[in-house]
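Asks: Got a structure for you, questions after.
The values are calculated or read from the model by the stated rules, or taken from the named source; none is laboratory data. None of these values were measured; they are calculated from a predicted model. Heads up, the Cβs are rebuilt from the backbone with ideal geometry, glycines too, and the neighbour counts pull from every protein chain shown. Quick note on the areas: whole protein, heavy atoms, side chains included, nothing else; ligands and nucleic acids left out. Shrake-Rupley method; radii C 1.70, N 1.55, O 1.52, S 1.80 Å.
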Amino acid sequence: MEYQFDVKEDGRAVFTINRAHKKNAINYEVMKGLKAAITACKENDHVKVLLITGAGQDAFCSGGDVQLFHALKTEEEAYSMLYPMGEILYELMTLPKPTIAIINGIALGGGCELASACDIRLAVDSAKIGFIQGRLGITTGWGGTTILQEKMSPQSALHMLYSASTFSAEEGKEYGFIQRVVSPSALEDSMNQLVTPLLQKSTSVLRQYKTLYIKRWEANGVFARMKEEIQGCALLWAGEEHHQAVESFLQRK
């Protein structure tokens, strides 16, 4: 399986991208699995918190599978992949339960967009993060910039986006993207410290708190703005700059 989804007896659900050989890059099967997992968490009152992570110790998620998605050449073809994933991230962002990204390694490009849609981001100190889409001649394509507008200061978000650089986990914490940084050996304990208080609350309490934020995001037209962002990325995707940048990237691998 390209992903694993487990619901524990204590009320935590864990979605793991199981593509360590591809640095946990997202493909269509992972997209389908993540959508199903979010729906399951929404419908199952036993679930109190959703954790998202990557298999292995090297990567949380390296973004979209570049080799796979490079086959998409036109604006329409790109949009046919970008828009469904944007919908999934909006569903994740507005899941009426706590969500936590466990960043156990690199989180790049779309991997950072995935993490941004979660409520809380916990990272190991060796993790590297970066909205590196600009290096490939495109912008965030799954709605990540719109999500950052709701969760970070403009100065910090724009710096990360403009530069298309990779940052350390500590730098990500300074910018407000990451909430807690720990050593790999302390990751499980720190995760439990975050999750245990949530599991001790009733589902209705957790849902009510999250719903207040969801109402704000709905009032702010977040999904409509994400759709505009995705359309802008699809247009850039079809450009020669993007195709040449991806070709160069693949040749270096």
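Asks: What number, in percent, do you get for the relative contact order of the chain if the mean sequence gap of Cα pairs under 8 Å and at least 6 apart is divided by its residue count?
Replies: 21
Asks: Given the C-alpha centroids of region 172-210 and region 105-162, what is the distance between them in whole angstrom?
Replies: 19
Asks: Turning to a different aspect of this structure: Once you charge only the Cβ atoms, +1 for Lys and Arg and -1 for Asp and Glu, what is the size of the charge dipole of region 130-253 about its Cα centre, to the nearest 20 debye?
Replies: 480
Asks: Taking H placed 1.01 Å from N in the peptide plane, check which residues at least 5 places from residue 59 or on another chain put their amide H under 5 Å from its amide H.
Replies: Those qualifying (amide H under 5 Å, at least 5 residues apart or on another chain) are 106.
Asks: To continue, here is another question. From the square roots a ≥ b ≥ c of the eigenvalues of the alpha-carbon gyration tensor of region 20-159, which class results: rounded (a/c under 1.5), prolate (a/b over b/c), or oblate?
Replies: Rounded is the answer for region 20-159, as its axis ratio a/c remains below 1.5.
Asks: I've got another one for you. Give, rounded to the nearest 20 debye, the magnitude of the charge dipole that the chain has about its Cα centre when Lys and Arg contribute +1 at Cβ and Asp and Glu contribute -1 at Cβ.
Replies: It comes to approximately 480 debye.
Asks: Let a ≥ b ≥ c be the square roots of the eigenvalues of the Cα gyration tensor of the chain; is it rounded (a/c under 1.5), or, if not, prolate (a/b larger than b/c) or oblate?
Replies: Since a/c reaches 1.5 and a/b is larger than b/c, the shape of the chain is classed as prolate.
Asks: Using only Cα atoms, tell me the angle between helix 187-199 and the longest principal axis of the chain; keep it within 0 to 90° and round to the nearest 10.
Replies: Roughly 60 degrees between the two axes.
Asks: What whole-number value in Å² describes the accessible area per residue of the chain for a 1.4 Å probe?
Replies: Here the residues of the chain average 45 Å² of exposed surface.
Asks: In whole percent, how big is the carbon plus sulfur part of the accessible area of the chain, probe 1.4 Å, protein atoms only?
Replies: Heavy-atom surface of the chain belonging to carbon and sulfur, 1.4 Å probe: 52 percent.
Asks: Here is a further query. For the pairs 48/173; 32/73; 22/215; 97/173, note any where the Cα-Cα span goes beyond 31 Å.
Replies: Violating the 31 Å limit, Cα to Cα: 22/215.
Asks: Rounded if a/c is under 1.5, else prolate if a/b is larger than b/c, else oblate: which is region 102-248, with a ≥ b ≥ c the root eigenvalues of its Cα gyration tensor?
Replies: Here region 102-248 falls in the oblate category.
Asks: Let me ask something additional. What ranking do 224-233, 181-190, 102-111, 119-128 get when scored by the average of other Cβ atoms within 10 Å per residue, highest first?
Replies: 102-111, 119-128, 224-233, 181-190
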